[in-house]
Amino acid sequence: MEREEQIIQLLHDIQGVLAYHQVNSIDNFPASGDLNSFLNTTALQKAVVKPEASVKPRQKILSKPRQESGKSNQAALAEITDDVMRCESCSLSKQQTSVSAGNGGGSNIRLFIVGHWSSVSEQSTVQAVFGYEEDRMLERMLAAIHLSMEEVFVTNLIKCGVGPDVQPQAEHIEICLSYLQRQIAAAAPELICTMGMLATRALLKHSQPLSRLRGRFYAYPGPDGKDIPLLPTYHPGYLLQNPEMKRATWSDLQALEKRLKQ
């Protein structure tokens, strides 16, 4: 029976890979050393032999209970949103084309996603966190690992949306970081995923390039002294310009899904 469950799990993983490739229009892979290394990772081997990788009903996977105390995360996040909308603490408040504290999240936030900022034009009327096309790609990425927006909260390090000719500076990051830290404490998620170098560096305080940091979990000090696993990966905007990096990002997404099943 254990062997059958392992085979079912492997088929489920293969089905997820194919679904992700389909929605992201990946239809071929050039033979390369990087690809061979990716296909021979120990993570794929553990998907077959890891004892605790037995299949569980998806309903249980997506509704894993989490204890909360005090004010609900929704109420606490709403308060922070009000503070963000009224913020005039830095010069970006006078250059912004939009403001977004984040999107998503129900009563049980499992995954907290952080990007850098939204770069939008003055004429944009679309409400987006990362950007219109970037948000669409993110939705496909989450669907591929069977997560709904009720289980995910998506936000940026910089809450002001700015035009493409505006580059936020260190002083803006320092001010906005306090909002982000409050949001993470309020959401108390099971996992954090930073997308892009800016968000990764702000939360981990590491100076290494993202290509070296991605692919493994780090400890982020969460509320009540409990560490929250944090996984860095590439930003959807970067993937739109560099589609060859979708393979590595898919590996990171699989790591998130498996961690949420534990």
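Quick note: the coordinates plus some simple rules give every number you see, no bench work behind them. Note that this is a predicted model, so its numbers are computed, not measured. Reconstructed Cβ throughout: ideal geometry from the backbone, glycine too, with neighbour counts over all protein chains shown.
Kindly give Rg over Rh for segment 161-229, based on alpha-carbon atoms, with the Kirkwood expression for the hydrodynamic radius.
On the way: Rg = 13.2 Å, Rh = 13.4 Å.
Radius of gyration relative to Kirkwood radius: 0.98.
How far apart, in nm, are the 7 Å Cα→Cβ label points at S211 and A170?
Taking the two extended label points, one gets 2.6 nm.
Rounded to the nearest 20 Debye, what is the dipole magnitude of segment 64-261 about its Cα centre when Lys and Arg each give +1 and Asp and Glu each give -1 at the C-beta?
760
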